[in-house]
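Just so you know, all these numbers are worked out from the coordinates, no wet-lab data involved. Predicted model only: the values in this text are computed from it and were never measured. Neighbour counts are summed over all protein chains in view; Cβ atoms, including those assigned to glycine, are modelled from backbone coordinates with ideal geometry.
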Amino acid sequence: MRRLRLIPALAALLLAAACGSGGAPEAIPQPQPVTMESVGHYCGMALNEHNGPKGQLFLTGRAAPVWFSSIKQVFAYTLLPEEPKTISAIYVNDMSTAGPDGVPDPAAWVEARQAFYVIEGGFIGGMGAEDAMPFSRRADAESFAQAHGGRVVPFADVPEAYVFTQ
């Protein structure tokens, strides 16, 4: 009698396992290098024509990144209701690797949701407006904020009011 109760439970378990997505999960895209064809989503201009850190975002099912000329634009994309929310990865230049001249290493990217941002510090970014500075290491962000002003916050704590001010 006990075996008879186990058979339906085992069948239900096997059926539930078979009802998965049917394939392996999609691999998280890796950051791409900025090229001459990398054009900002909002400004329509080549990224290499702008100073400061850049961003790139990947949408599920789309191989090419969506490019951003400034860090605030990355945040705006995630907040604006009209933009797709099928985001599989977001990367920003890692200012922890910037040289003494403050120019970001174009090959150094950090997952945006893992970065620390110096905001309200008066840094003028790629679009000629105040922008956030992303760092992979909190200590580097704190040092930058001490030297240049501003405060350090994680991705989730960047205020919407900050993103949409000039």
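Stokes-Einstein diffusion for the stretch 21-166 at 25 °C, viscosity 0.890 mPa s, with a Kirkwood radius from C-alpha pairs, works out to 159 µm²/s. Inverting the pair-averaged 1/r between distinct Cα atoms of the stretch 49-111 gives 12.3 Å as its Kirkwood hydrodynamic radius. At most 15 other Cβ atoms within 10 Å and a DSSP loop assignment: could you name the chymotrypsin sites (Phe, Trp or Tyr not before Pro) in the stretch 96-166 that fit? Sites meeting the loop and neighbour criteria: F164.
Counting only DSSP beta bridges whose two residues both lie in the stretch 16-163, roughly 95 percent are antiparallel. A full extension of the chain between V103 and T78 corresponds to an added length of 6.5 nm, given 0.36 nm per residue minus the alpha carbon distance.
DSSP loop (so not H, G, I, E, B), at most 10 other Cβ within 10 Å: list which trypsin sites (Lys or Arg not before Pro) in the stretch 57-114 pass both filters. Answer by residue number: K85. Segment R151..Y42, full-extension length gain: 36.6 nm, with 0.36 nm per residue of separation and the alpha-carbon distance subtracted. Taking label points 7 Å from Cα along the Cα-to-Cβ direction, Q32 and E111 give a separation of 2.0 nm.
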